[in-house]
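Working notes, beginning with the structure itself.
FYI, it's all coordinate maths here, none of it is from the lab. Quick caveat: nothing in here was measured; it's all calculated off a predicted structure.
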Amino acid sequence: MREGHYGRHGTLGIATPQANVTAETEFRALLPRGVACATVRMASDEPLPEDRLRAYFTDISQTLDRFDTLVMGAVGLACTGSSYLLGHASVEASLATLSARRQQSVISAAAAIERALNQIGARSIALICPYPEWLLEAAERHWQERGFVLADRFSLDPHQRDTRAIYGLSPEIAAEQIRTRWHSRKADVYLITGTGLPTLRLVAELSEVLPGPVLSSNLCLAWATLLEAGIDLAERGPSAAMPLLAGWEHRLDDC
């Protein structure tokens, strides 16, 4: 049920890591007109990035309770790294319980990506991430355990000490690295994982030059959250960026 003066087609929630403004900016840009968005921060004072990422999800019930009585169709969790470290089965079992308690779907970014991969029939992935090497290795294990083949994998900044360095990476430099590495690399899909790297323009631009669909964590999360909320996407036209998310490229200039 809709409440309030905005969001005539409904309201979606997004939970983002505490210093991540990219995810909510891209999420809002991707939503159709008439869909409102509310944001809550996943916060942790753990000094080590791997502990901080785990805490985001182990504390997610209390985090979402800060939405109080706000009525939302679904909530997206904009952090793929947490799923990679905690494991698919553990995360999704916890979120199923949480969704039942809250009586609304709570969707992880990793689950949203997998739903998109299955929707387009992708089995092989070329994977890029803005993570340090240890988290890229966790991402690689995750997708292999989920039954996908890694055609390639690399990090934009493998030696960074803290995952917060993601927010300072240049999408222009990322685009050049990806074009150089993947211009002749064959895969069913080209996946840019990590919600903190600005990717919407990357997806639109790379979709014109790479030989297959280009997906990102935020792109898939917005799509899956809309579907879970029952918001109709049928009227959206063809998309150069991603066939599943039709007609949203023109909103990139609002980011």
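For this structure, a couple of remarks:
- Extension reserve of the Y6-A43 stretch, reckoned as 0.36 nm per residue once the Cα distance is removed: 10.6 nm
- Once the chain from A19 to D232 is taken as fully extended at 0.36 nm per residue, the excess over their C-alpha distance is 73.5 nm.
- For the pair the stretch 30-58 and the stretch 67-94, the centres of their Cα atoms are 9 angstrom apart.
- Proportion of all alpha-carbon pairs of the stretch 113-216 beyond 18 Å (%): 43 percent
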